Amino acid sequence: MSNLQPVHDAAMHLDGPIYVTQPYLPPLEEFIPYLEKIWNKKVLTNGGPFHQQLEKALSDYLGLEHIALFANGTLALVTALQALRITGEVITAPYSFVATAHSLLWNSIKPVFVDIDPKTLNLDPEKIEAAITPQTTAIMPVHCYGHPCDVEAIQKIADNYNLKVIYDAAHAFGVQDQGGSILRHGDLSVLSFHATKVFNTFEGGAIVCPDAKTKLRIDHLKNFGFVDEVTVVAAGINGKMSEINAAFGMLQLQHIDHALARRREITAIYRELLADIEGIRCIEDAGETVANYSYFPILVESGYGTNRDGLYERLKEQGIFSRRYFYPLISDFPMYRSLVSAHRDNLPVATETARKVLCLPIYPGLQHHDIQRIVECIAQ
Ligand SMILES: *Cc1c(COP(=O)(O)O)cnc(C)c1O
């Protein structure tokens, strides 16, 4: 590690814990005027002025036309499936956060787990067809770590078999490919604005819709199924984003470019400093033209001095809290195991990745000396 200066002046920061993420928060005083507006108007929810403003502002920022805000990403996933009347079986990735598959169970849909591609860590299009049955109605891929899925290959399969595609795009805020936002692909895309995500509204989420009609349907479903004061057309949920979260989102949008730029810098530093450490492999981008650097996953390969869990523990002993994300696979959780037959044999890439992966701390406030301290610990 010749390019890494030992940190001798580190007394002031050596002992402080470093967490895998730290939510981005603008200066508190900037939020007060937003609160005053809410207090003056006394509209707290039900699609109030900030809710409307944020839907418009996010559409503009992301270059999309129709966005329906939600209280969180999980309710948005559950509602997306209902909006398209998805039933039976849905093909999805085992290498994801558990909410992806939970949203299927909340709709009494059977998740069918298909292996991931070793390069992108996204659903492997070549393995999808073999998992299609007469009960299959949709594919729910995940843009893992904000790296785009092979959207064209997935769409082709969906067209051939007349399946819907709902992207779990919880990691993919702001990511673009040649044609613009990757959120425009598929029938619907679902975002999360949870505190740990690149763009946060404390809790929050959204569905990206292809047209105004679909958004209207989704707006009804997130408000108990009301279409007007006296008409309820579905067992809709209460999935509405409150005014306080929407107002916070308006403020966050003013800081998002700065936050993304910092993530980009941190990613570049990590890549440079980790490049020479044997057995540590950084995950490459998947062809996006604009990335969001939402996570910094590494794979701990056999050439490294210890295994993934060994490194995870060593970091922890030094107050550095990385995250085994995603481990275990969703299909390995006891409650999912009974749903999947012999899945281990069918999911070799996902299984191996879950065994090797470690997400290192990344957030806009992470300092250069923090990164040095993390890399030194890995290089030991
Ligand atoms: C965060 C996340 C969700 C859930 O979003 P919430 O807003 O926390 O409900 C779903 N899928 C993935 C891949 C996520 O990372």
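Just a few scattered comments:
- Annotation: of all residues in segment 94-109 being of a type in the set (A, V, I, L, M) and either more than 9 Å from the ligand (Cβ to nearest atom) or not assigned by TED's automatic domain parsing to the domain that holds G146 (or both), the one that is farthest from the chain's Cα centre (by Cα) is I109.
- V190 being within 11 Å of the ligand (Cβ to nearest atom) and over 17 Å from L75 (Cβ atoms): no
- Among residues of segment 159-174, those that are more than 16 Å from the ligand (Cβ to nearest atom) and of a type in the set (A, V, I, L, M), counted: 1
- When segment 48-72 is filtered for residues that are in contact with a strand residue (DSSP E or B) (Cβ under 8 Å, 6 or more places away or on another chain) and either outside the structural domain of T214 (by TED's automatic domain parsing) or over 17 Å from D211 (Cα atoms) (or both), the ones remaining, listed by number, are H51, L54, F70, A71, N72.
- Screening V151, V112 for residues that are buried (at least 20 other Cβ atoms within 10 Å of the Cβ), within 17 Å of I330 (Cα to Cα) and not assigned by TED's automatic domain parsing to the domain that holds L339 leaves exactly one candidate, V112.
- Any helices (runs of 4 or more DSSP H) falling wholly within segment 1-105 and containing at least 3 residues that are modelled with pLDDT of 95 or more: 28-41, 49-62, 73-83, 99-105
- Residue in segment 302-311 that is under 25 Å from P23 (Cα atoms) and touching a Gly at 6+ places or on another chain (Cβ under 8 Å) present: no
- Taking the criterion of being crowded, with 24+ Cβ neighbours inside 10 Å and in contact (Cβ under 8 Å) with a residue 60 or more places away in the chain, the residues of segment 175-196 that qualify are V175, I182, L183, L188, V190, L191, S192, F193.
- Within segment 197-206, if we keep just the residues that are open to solvent by less than 10 Å² (accessible area, probe 1.4 Å) and assigned to a loop (DSSP other than H, G, I, E, B), the residue that is nearest to the ligand (Cβ to nearest atom) turns out to be G204.
- Checking each residue in segment 141-167 for being assigned to a strand (DSSP E or B) and either without any contact (Cβ under 8 Å) to a residue 24 or more places away in the chain or closer than 20 Å to S59 by Cβ (or both) picks out I166, Y167.
- For segment 175-187, a residue qualifies if it is part of a loop (DSSP other than H, G, I, E, B) and either near the ligand (Cβ under 9 Å from one of its atoms) or under 16 Å from I256 (Cα atoms) (or both), and exactly one does: V175.
- Qualifying residue in segment 118-126 (condition: open to solvent by 30 Å² or more (accessible area, probe 1.4 Å) and free of Cβ contacts under 8 Å to residues at least 60 places away in the same chain): yes
- For segment 255-299, a tally of residues being under 20 Å from G205 (Cβ atoms) and out of contact with any strand residue (DSSP E or B) (no Cβ under 6 Å at 6 or more places or on another chain) returns 6.
- Close pairs (7 angstrom Cβ cut-off, 6 or more residues apart or separate chains): in contact (Cβ under 8 Å) with a residue 60 or more places away in the chain and in a loop (DSSP other than H, G, I, E, B) in segment 312-333, open to solvent by less than 10 Å² (accessible area, probe 1.4 Å) and among the aromatic types (F, W, Y) anywhere: F326/Y95; L329/Y95
- Failed item, numbered, when T79 is tested on (1) open to solvent by 30 Å² or more (accessible area, probe 1.4 Å); (2) within 14 Å of the ligand (Cβ to nearest atom); (3) touching a Lys or Arg at 6+ places or on another chain (Cβ under 9 Å): (1)
- If you go through segment 82-98 and keep only what is open to solvent by 10 Å² or more (accessible area, probe 1.4 Å) and of a type in the set (A, V, I, L, M), you end up with A83, L84, I86, V98.
The values are calculated or read from the model by the stated rules, or taken from the named source; none is laboratory data. Only a predicted model underlies this, so the values are computations on that prediction, with no experimental measurement involved. Reconstructed Cβ throughout: ideal geometry from the backbone, glycine too, with neighbour counts over all protein chains shown. All accessible areas refer to the heavy atoms of the entire protein, side chains included, with ligands and DNA or RNA removed. Shrake-Rupley method; radii C 1.70, N 1.55, O 1.52, S 1.80 Å.
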